[in-house]
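Input: a single structure, listed below in structure tokens.
The values are calculated or read from the model by the stated rules, or taken from the named source; none is laboratory data. From a predicted model like this one, the values you see are computed outputs, not experimental measurements. Glycine gets a Cβ as well: all are built from the backbone with ideal geometry, and neighbour counts include every protein chain shown.
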Amino acid sequence: MKTLPKQCDILKIEEKWQKRWEQMGIYHFDDKDQKRPAYVINTPPPYPSGDFHMGNVLNWTYFDIVARYKRMRGYNVFFPQGWDCHGLPTEVETEKHYGIKKTDMPPDKFRKLCEQFVEKYIGIMRTAVKRLGCSIDWTTEYKTMNPDYWRRTQLSFILLYKKGFIYRGTHPVNWCPRCETAIADAEVEHEARGGLLHFIRFPLDHEGYLTIATTRPELLPACVTVAVNPNDDRYRPYVGKTINVPIAERKVVIVADEVVDPEFGTGVVMVCTYGDKADVKSVAKHRLPVIMCIDEKGRMNQNTGKYAGMTATEAKKALAAELKKAGLLEKMEPLQQEVGVCSRCKTPIEILDREQWFMETRKLTDDVVKNAWDITWYPDHMRTRLIDWAKSLDWDWVISRQRIFATPIPIWYCTSCGTQVLAEPDWLPIDPRIQPPRIESCPKCGAREFTPEKNVFDTWFDSSISCAVHAGWPDKKNWRRLFPADVHPSGVDIIRTWAYYLMVRHLALFNEKPYKSCLINGMSLGSDGRKMSKSLGNYVATPEVFGKYGADAARQWAASGGATGSDIPFRWADVEYGRRFLRKLWNAARFGSQHLKDYRLTEEVRLELLDRWLLSKLAHVVQKATSALEVCQFNLAAEEIRNFAWHTFCDSYIEAIKHRLYRPEIYGESKRKAAQHTLYLTICRLLQLLAPITPHVAEEIYQTLYAEDKRHSSIHVSSWPVPDEKTMDEESEKYGDLVIAVIEEIRRDKAERKKPLNTPIKDVTIFASTDKNARNLDLAQESITGTCKIDTIKILAQKGSGKEVRDYPNIRFVAEY
Ligand SMILES: [Zn+2]
Ligand SMILES: [Zn+2]
């Protein structure tokens, strides 16, 4: 056995092993190996923002603990990594950087410019994932922007189209006027914003008026009815009467609708197409006409007359002024309200009627609910998030977007008759904006000209087939061997997007759920408990953490910071504690390496009480850590292992065997061997238990101490320890605890008397209070005298006076120096 050096340069050790693991290829999924069961992780392909933040550290640490644990449990682990490349932020950045508009050039040219940014950011993030020490199989790396991935996304579309899950239609959609694209419900966030409630008089036909309250007077030109609650006595006589919409110069019929809240404003509201989702429902319910008055850029259109071209905000002011002039604006009151905003840019969304492509997801809701119950959730209560979301959806998933940098929709339209020409699977990948369909003429009318579909797919349409793609679909014959994935890890914030879309896509395509279990992580918060963000000044960059304390310390923060699924604040103190723990472990292992030079595992030994005590406790730790990791309770596993290592092993056991190791001439060779045996086994097991959490330091110590004895090239391919039931021994644990308590109390006594710990004590009398205590303390007498440097000791079965042993109020002792 080699001696561990005194200095532990964690950063160097981490760098060394990250390189070596890759050279060794130990994280490759072995496709040929049919013996070991496969274990598949549906690693999320992150959006390459170029920023690998502490939230990512939290996620990836979870995945990697699972991967390393399962590998040691004998699974053939498939741990892939991809990048979800498409998206608006890259388009915006490219436009800014080159000072261009995306429409200035052909789409493929613009794509190329976007790809350069994405490649750069992937490079930064890949380095960070590696720096965290993730055991990813990098031969699996993929990018959703590559034509080979397009092919899969486009094929999945063609299959869903043929199965009747896809339709094109004019339907109200959420629209971001800044991003100029339709967005899905899942991309709409709700924020509290301040607004002004305008009280506007709508003249009745003969005399009088009703006052309606609205925060959006700019939508007056699109007002199609006025609604009141049928149970509101104030307004019941007006239902069915006509009323005049000011400015718009339009008569509308007043309707009764129980969704109108009589307490809001005046109890009279206007329905515009469209102010919000409630308007969409009212239009369908009362069969009202649709008058769009806002365009894709969020400006008023020609239907608003002289307001055309104004922004909504400008129009709001102008209309309010005109209403005031006409004496129709009673008052304005500030109002706090929930506003739907674009999740990417926080611009309030509009609802526009647009021709879009949809996936008919709502018909799968019962299936989603059924499968949500089939899946194991970590933690269990997260299941309802998926179920509630699926049930809450009013609209199908709008899968088309009005952008460039995305997977094209493989479809053309006959210029004469409008027939849709869907690409054939063997045409893929294809960009209809550049390539014509591979047919001579329209199958319906024989015309020879086609117009390409210019819209592209929502980015989620790319990534939501990842489970099948990881498994090798559609190329590998036996792709179902790796499908469904064993675990789908997901942030709590993307259950409604990623977990949901994965579910509906795979159910629709393959009639099977995409994952068997779902591992949820919470958000990482700043140390002030708020969401970590650069603008709040509570942001901590990962290079700072890795550079100061190393990945193994950061991983301990992620593993132990809180229960799985809960939000976890970043605390430097936790990372520092992780670093101190590694130093403590290192010193204990170094001590072991110095004392195990002449030890061979084959030697027969007779264990002492404290040896049996430690091995029994170790067996219980193995058992508890294993049970915790089986159900992804990383914090419980980490605490169990670290407490045992730090307190039971380093502080108590090692101190209590030093005399045996240093002075065999006094205490006997066989007692030294027993201590060596216990040290050897315990350090080895401990390193294995720690390997998923602190992979680098565990590997370095393992290789230094055990490489000669073990057949494994790395601790990460060694077998996960099984709790050794033979060593579980309640009696030894009970009396070992007592012996350790007595030793610690005597050492505390020395400290209180301000004497160095190695000060000899002339005489100690222990009042053990019972025969059994006395007998067991007597059996461990040498451990007490040896550790505390006591010349003579008397252990009496009776009660007596003296210093009380903590947690054992009947046991006292007297020490004479
Ligand atoms: Zn937006
Ligand atoms: Zn045609």
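For the subset of region 282-315 comprising residues that are in contact (Cβ under 8 Å) with a residue 40 or more places away in the chain and among the small types (Gly, Ala, Ser), which member is surrounded by the fewest Cβ atoms within 10 Å (Cβ to Cβ)? Among residues in region 282-315 that are in contact (Cβ under 8 Å) with a residue 40 or more places away in the chain and among the small types (Gly, Ala, Ser), the one surrounded by the fewest Cβ atoms within 10 Å (Cβ to Cβ) is GLY305. Of all residue pairs spaced 6 or more apart or on separate chains, those with beta-carbon atoms under 8 Å, a first member in region 410-432 that is under 14 Å from THR451 (Cβ atoms) and touching a residue at least 40 places away in the same chain (Cβ under 8 Å) and a second member that is surrounded by 15 or more Cβ atoms within 10 Å (Cβ to Cβ) and among the basic types (Lys, Arg) are GLN420/ARG168.
Scanning region 402-413 for residues that are buried (at least 22 other Cβ atoms within 10 Å of the Cβ) and within 16 Å of ligand 2 (Cβ to nearest atom), we see that the one that is farthest from VAL368 (Cα to Cα) is TRP412. Scan region 518-532 for residues that are at pLDDT 90 or above, in contact with a Phe, Trp or Tyr (Cβ under 8 Å, 6 or more places away or on another chain) and among the hydrophobic types (A, V, I, L, M, F, W, C) and the total you get is 4. Residue count for region 345-360 under the criterion of being within 13 Å of ALA182 (Cβ to Cβ) and either surrounded by fewer than 17 Cβ atoms within 10 Å (Cβ to Cβ) or in contact with a Gly (Cβ under 9 Å, 6 or more places away or on another chain) (or both): the result is 7. Look at region 219-244: where a residue is closer than 21 Å to ALA284 by Cα and a partner is in a helix (DSSP H, G or I) and among the aromatic types (Phe, Trp, Tyr), sitting 6+ places away or on another chain with Cβ atoms under 7 Å, you get VAL228/TYR238.
Quick grid of which residues meet (1) among the aromatic types (Phe, Trp, Tyr); (2) modelled with pLDDT under 95:
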{"residue": "GLN703", "(1), (2)": "no, no"}
{"residue": "TYR706", "(1), (2)": "yes, yes"}
{"residue": "ARG711", "(1), (2)": "no, yes"}
{"residue": "SER714", "(1), (2)": "no, no"}
{"residue": "GLU725", "(1), (2)": "no, yes"}
{"residue": "MET728", "(1), (2)": "no, no"}
{"residue": "LYS734", "(1), (2)": "no, no"}
{"residue": "VAL739", "(1), (2)": "no, no"}
{"residue": "VAL742", "(1), (2)": "no, no"}
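Only one of the numbered conditions (1) basic (Lys, Arg); (2) in contact with a Pro (Cβ under 9 Å, 6 or more places away or on another chain); (3) within 16 Å of ligand 1 (Cβ to nearest atom) is violated by LYS143, and that is (3).
Within region 138-181, if we keep just the residues that are at pLDDT 95 or above, in a strand (DSSP E or B) and among the aromatic types (Phe, Trp, Tyr), the residue that is nearest to MET310 (Cα to Cα) turns out to be TYR167.
So which residues in region 17-36 are exposed (fewer than 13 other Cβ atoms within 10 Å of the Cβ) and either closer than 27 Å to CYS85 by Cα or out of contact with any strand residue (DSSP E or B) (no Cβ under 6 Å at 6 or more places or on another chain) (or both), if there are any at all? Working first, answer last.
So in region 17-36, the residues exposed (fewer than 13 other Cβ atoms within 10 Å of the Cβ) come out as 19, 23, 25, 32-35.
LYS19, GLN23, GLY25, LYS32, GLN34, LYS35, listed by residue number.
Name the single residue, out of those in region 350-387 being in contact with an Asp or Glu (Cβ under 9 Å, 6 or more places away or on another chain) and basic (Lys, Arg), that is nearest to ligand 1 (Cβ to nearest atom). Only one residue fits best here, namely ARG354.
Can you tell me which residue is farthest from ligand 2 (Cβ to nearest atom) among those in region 416-431 that are assigned to a loop (DSSP other than H, G, I, E, B) and crowded, with 18+ Cβ neighbours inside 10 Å?
Pass one, region 416-431, residues assigned to a loop (DSSP other than H, G, I, E, B): 416-419, 423-424, 428-431.
Then keep just the ones that are crowded, with 18+ Cβ neighbours inside 10 Å; that gives 423, 428-431.
On the way: ALA423: 17, LEU428: 23, PRO429: 25, ILE430: 20, ASP431: 22 Å.
By that ranking, first place goes to PRO429.
Pull up region 213-232, narrow it to residues that are not in a loop (DSSP other than H, G, I, E, B) and not hydrophobic (A, V, I, L, M, F, W, C), then point me to the one that is nearest to ligand 1 (Cβ to nearest atom). Among those that are not in a loop (DSSP other than H, G, I, E, B) and not hydrophobic (A, V, I, L, M, F, W, C), it is GLU218. Annotation note: Cβ proximity below 6 Å between a residue of region 34-54 that is in contact (Cβ under 8 Å) with a residue 12 or more places away in the chain and a residue that is among the β-branched types (Val, Ile, Thr) and part of a loop (DSSP other than H, G, I, E, B) (sequence gap 6+ or interchain) occurs for MET54/VAL540.
Let's see how each residue does on (1) closer than 30 Å to ARG403 by Cβ; (2) surrounded by fewer than 21 Cβ atoms within 10 Å (Cβ to Cβ); (3) within 16 Å of ligand 1 (Cβ to nearest atom):
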site: LYS163; (1), (2), (3): yes, yes, no
site: THR170; (1), (2), (3): yes, yes, no
site: ALA182; (1), (2), (3): yes, no, yes
site: LEU196; (1), (2), (3): no, yes, no
site: PHE202; (1), (2), (3): no, yes, no
site: HIS206; (1), (2), (3): no, yes, no
site: THR211; (1), (2), (3): no, yes, no
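Can you find, within region 432-471, the residue that is nearest to ligand 1 (Cβ to nearest atom) among those that are β-branched (Val, Ile, Thr) and either on the phi > 0 side of the Ramachandran plot or outside any loop (DSSP other than H, G, I, E, B) (or both)? Walk me through it before giving the result.
Going through region 432-471, the residues β-branched (Val, Ile, Thr) turn out to be 434, 439, 451, 456, 459, 465, 469.
Checking the rest, the ones that are also either on the phi > 0 side of the Ramachandran plot or outside any loop (DSSP other than H, G, I, E, B) (or both) come to 451, 456, 459, 469.
Values: THR451: 27, VAL456: 16, THR459: 13, VAL469: 28 Å.
By that ranking, first place goes to THR459.
Kindly indicate whether any position in region 449-468 is out of contact with any strand residue (DSSP E or B) (no Cβ under 6 Å at 6 or more places or on another chain) and within 16 Å of ligand 2 (Cβ to nearest atom). Yes, there is a match, as at least one residue in region 449-468 is out of contact with any strand residue (DSSP E or B) (no Cβ under 6 Å at 6 or more places or on another chain) and within 16 Å of ligand 2 (Cβ to nearest atom).
Looking at LEU328, LEU364, LEU319, LEU335, can you tell me which residue is within 24 Å of VAL290 (Cβ to Cβ), touching a residue at least 40 places away in the same chain (Cβ under 8 Å) and aliphatic (A, V, I, L, M)?
Working: LEU328 fails: within 24 Å of VAL290 (Cβ to Cβ); LEU364 fails: within 24 Å of VAL290 (Cβ to Cβ); LEU335 fails: within 24 Å of VAL290 (Cβ to Cβ).
Testing whether each residue is within 24 Å of VAL290 (Cβ to Cβ), touching a residue at least 40 places away in the same chain (Cβ under 8 Å) and aliphatic (A, V, I, L, M) leaves just LEU319.
For region 1-9, the criterion of being touching a Leu at 6+ places or on another chain (Cβ under 6 Å), closer than 21 Å to GLU699 by Cα and surrounded by fewer than 20 Cβ atoms within 10 Å (Cβ to Cβ) is met by at least one residue.
At least 2 residues that are out of contact with any Gly (no Cβ under 9 Å at 6 or more places or on another chain), within 30 Å of ILE10 (Cβ to Cβ) and not aliphatic (A, V, I, L, M) in each: list the helices (runs of 4 or more DSSP H) lying fully within region 687-779 that qualify.
Working: elements: 695-706, 730-752, 771-779.
Helices (runs of 4 or more DSSP H) meeting the threshold: 695-706.
Close Cβ contacts (under 9 Å, 6 or more residues apart or on different chains) running from residues in region 762-782 that are among the basic types (Lys, Arg) to residues that are exposed (fewer than 15 other Cβ atoms within 10 Å of the Cβ) comprise LYS762/ASP791; LYS762/THR792; LYS762/GLU816; LYS762/TYR817. Among the residues of region 391-412, not a single one is more than 25 Å from ALA184 (Cα to Cα) and either of a type in the set (Val, Ile, Thr) or more than 16 Å from ligand 1 (Cβ to nearest atom) (or both). When THR347 is tested against (1) more than 16 Å from ligand 1 (Cβ to nearest atom); (2) closer than 30 Å to THR266 by Cα, exactly one condition is not met: (1). Within region 780-812, the set of residues being within 54 Å of the chain's Cα centre (by Cα), more than 19 Å from ASP651 (Cβ to Cβ) and either at pLDDT 95 or above or surrounded by 14 or more Cβ atoms within 10 Å (Cβ to Cβ) (or both) comprises GLN781, GLU782, THR785, LYS803, GLU804, ILE811, ARG812. Take TYR501 and tell me if it is modelled with pLDDT of 95 or more, touching a strand residue (DSSP E or B) at 6+ places or on another chain (Cβ under 7 Å), among the hydroxyl-bearing types (Ser, Thr, Tyr) and closer than 25 Å to LYS370 by Cβ. Spelling it out, it is not the case that TYR501 is modelled with pLDDT of 95 or more, touching a strand residue (DSSP E or B) at 6+ places or on another chain (Cβ under 7 Å), among the hydroxyl-bearing types (Ser, Thr, Tyr) and closer than 25 Å to LYS370 by Cβ.
Given the criterion farther than 25 Å from ASN174 by Cβ and more than 16 Å from ligand 2 (Cβ to nearest atom), identify the matching residue among ILE434, ILE399, ILE387.
Working: ILE399 fails: farther than 25 Å from ASN174 by Cβ; ILE387 fails: farther than 25 Å from ASN174 by Cβ.
Residue meeting the stated conditions: ILE434.
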